[in-house]
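The values are calculated or read from the model by the stated rules, or taken from the named source; none is laboratory data. These numbers were taken from a predicted model, which means no experiment stands behind them. A quick note on method: Cβ atoms are made from the backbone with ideal geometry, for glycine too, and the neighbour counts reach across all protein chains shown. SASA here: full protein model, heavy atoms, side chains in, ligands and nucleic acids out. Shrake-Rupley method; radii C 1.70, N 1.55, O 1.52, S 1.80 Å.
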Amino acid sequence: MNLRQTNSEAVLRVLVMFSTLGKIDYEKLGLKVGIEIHQQLDTKTKLFCSCPTTLRDVSESNFEFFRYLRLKKSEIGEEDRAAKEEILRSKRFVYKAFNTTCLVEADEEPPHELNQEALKIALEIAKILGMKIVDEVHVMRKIVIDGSNTTGFQRTALIAFDGEIEVDSRKIGIATLCLEEEACKKIDSTEDTTIYSLDRLGIPLVEIGTKPEIDSPKLAKKVALKLGMILRSTGKVKRGLGTIRQDVNVSIRDGARVEIKGVQDVEILDKIIEYEVIRQLSLLKIREELEKREAWVKDEIFDVTEVFSETKSKILRNKKVKAIVLKKFAGLVGMEIQPGRRLGTEFADIARMFGLGGIIHSDELPKYGITLEELKKLREYLNADEEDAIVLVSGKDEERMNRALRRIIERAEFCLIGVPEETRKANEDGTTSYLRPLPGAARMYPETDIPPVRITKEMVDQIEIPELIENRVKRYVREYKISKDLAYAIADSKYYKLFEEYASFIPPTIVARVLHIAPSEIKKEGYNVENLEERHYRIILDMIKNNEIAKEGAEEVLKMFCENPELSKEEILERMKVKVDIDKFIWDLLERNRKFVLEKREYAFKPLMGNIMKEFRGKIDGKVVAEKLKKAIDEFLKKEG
Ligand SMILES: [Zn+2]
């Protein structure tokens, strides 16, 4: 049998499939997608304690403590695959605490009452989505096994169910809306330790899950964008990177349900789904090929350290090396299943989960300093021939290596069955990595420390539905005669109310310029616009309104605030006055010394600079003067020819 040829045929088929990207017939494949959106709420305090919801820099941490994961059988259910695997990985968790961390977050004190502000925001969102609201909120504990909660579980409460949104004249069902506590942020992770930061733990978030009724990647992205718009319309959610995350459930008819966690950029949501479909199709192709070859997996872990006793490979030298044999898998372990990711990458993900650096497989050899000679020796040692694939791991901790290889054997055996159900992590390029098996169903139990909260009809009736951003955009275009793009930028910003307030006595285009266009322009010049707050915009708009500065001066004042946010209105006016004076002074000076400037050209700079500083020393920064003078000389020379 000519194996090399069958391998390259298989590879070719997958490549052909990649080239049809965007032309995949999702309907025929029976694609089903459900989205889960997690959005942090902009409340003053956390969900179960009164600590602030501000994020901290980990360098501000003033103490830390650590925990080991210990789970009781009754809590995890005996058959929970995900929990079992996590225990096998046995890690130590270190928590970075701050001067704002309290005993609730450290799990040294029971949780306080449910945050009412967060509950009201959740109810508001439920009303917008036309959902049925529960009569009583019961807080539940959801098992979390990766250490991202100090308690070992995440508290979650169902607030509403059964709503819908309309996208592209399609109605997509919203299954549930839950109020949850945010988990810790992962800072770092080594072989046996994961470090978390406690500032994010307990920030309230809403989790909104659609029904799995979405049938194309494009529609999924539109649904996510619409939900995001609805959430921001409340004006009560946090903004910026990491404050909203999407999880996606993807399945195709012959594949399996896969949960992809942590999509931060909604713009690549469609790509992630496409790539997942390609991965599942590729795995099905591999199964077909394996069936044809009558492939199988040897259920044995081999110590092959002595084969590499004299190796020059840095990865294997002076380490334990262990191997498994995949009979008749040759060529398939190196086969691409997503752009840039191979079946071998899936095995490597597992190894990394167990704290190892990755794997080496025979399809990629010779590589990493491992020679063909050594590969031949390895094949002989393992009694494996050219048709077989070999997977190697190296390390110091034998138990860890054995556990990882045992899982890789299981994973390889599953190649003969098809696509495993699992939880995966979204990568920035649209591909995904293996995270853990899909958790079992029995992961929730009641949180007995928090009494149920009754939701009365009055409570729900009192909550007003806000104007949706998309409707606000239409109104702005109509009322203020500004472009749709500009209207969207303003309507979607947190200063939209400020815009409406000032647009009643300053031309709307000028207000929009101050609030949106000018800040984005000076940001490109390198100014730190993060420093700008409502107070600053109010000062500028008031000054324009009172004719204290010209509208062209707004940009200059914004720059001053970026560099010095503490400045008062009086200080700004003083600086603007000096600025006007100095501009005039420079031009008068150039005119007065016309002949000198034309003769000396750029060499006129130094003597003139001395003249100006005599007048303005202490009132304005010398660097600013120098820049202004240089610019003025350039312009003067251009004008005078
Ligand atoms: Zn607290």
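Computed values, structure above
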read-out	value
Ranked packing of 55-65, 429-439, most packed first, by mean Cβ within 10 Å	429-439, 55-65
Carbon/sulfur fraction of accessible area - the chain, other protein chains in place, 1.4 Å, %	49 percent
Among L608, N546, N564 - extreme Cα towards positive end, dipole of the range 519-625, charges at beta-carbon	L608
Kyte-Doolittle mean at least -1.0, axial Cα span of 30 Å or more - DSSP H helices of the chain	269-293, 569-592
Vicinal HN-Hα couplings computed from phi for the range 318-330 (Karplus, 6.51 cos²θ - 1.76 cosθ + 1.60; Hz; Gly/Pro x)	6, 10, 6, 10, 10, 9, 10, 10, 10, 5, 6, 8, 3
Per-selection Kirkwood Rh - the range 310-435 (Cα, Å, 1 d.p.)	15.1 Å
Partners for K186 among lysines (Cα-Cα distance below 20 Å; same-chain residues under 8 apart left out)	K46, K91, K96, K142, K238, K261, K425
Probe 1.4 Å, protein heavy atoms only - accessible area per residue of the range 219-337 in square angstrom	40 Å²
Pairs beyond 26 Å (Cα-Cα), from K28/K484; K185/K457; K298/K376	K28/K484; K185/K457
Electrostatic dipole magnitude of the range 227-332 [Cβ: Lys, Arg +1; Asp, Glu -1; Cα centre; debye, to 20]	460 debye
Percent of C-alpha pairs per 10 Å bin, the range 557-604, short to long	23, 32, 21, 22, 2
Alpha carbon Rg of the chain, scaled by the compact-globule rule 2.2 N^0.38 Å	1.23
Sequence-distant residues sharing a close amide H with I214 (under 5 Å, placed H)	V33
Among 397-405, 306-314, 132-140, the order from most to least packed when residues are scored by Cβ within 10 Å on average	397-405, 132-140, 306-314
For the range 414-540, alpha-carbon Rg relative to the globular expectation (2.2 N^0.38 Å, N residues)	1.74
Average accessible area per residue (Å²) across the range 503-641 - probe 1.4 Å, nucleic acids and ligands excluded	62 Å²
25 °C / 0.890 mPa s Stokes-Einstein diffusion coefficient of the range 510-627, Kirkwood radius on C-alpha pairs, µm²/s	155 µm²/s
Share of Cα-Cα pairs in the range 248-370 lying beyond 21 Å, as whole percent	51 percent
By average C-beta atoms within 10 angstrom, highest first, the peptides 530-543, 490-503	490-503, 530-543
Which listed pairs, of K584/K606; K545/K623; K271/K367; K577/K638, have C-alpha distances above 23 Å, in listed order	K545/K623; K271/K367; K577/K638
Cβ charges +1 (Lys, Arg) and -1 (Asp, Glu), total dipole of the range 427-555, debye	340 debye
Cβ charges +1 (Lys, Arg) and -1 (Asp, Glu), total dipole of the chain, debye	1520 debye
Theoretical ellipticity at 222 nm over the chain - DSSP helices of four or more residues, -39500 (n - 2.57) apiece, nearest 500	-12500 deg cm²/dmol
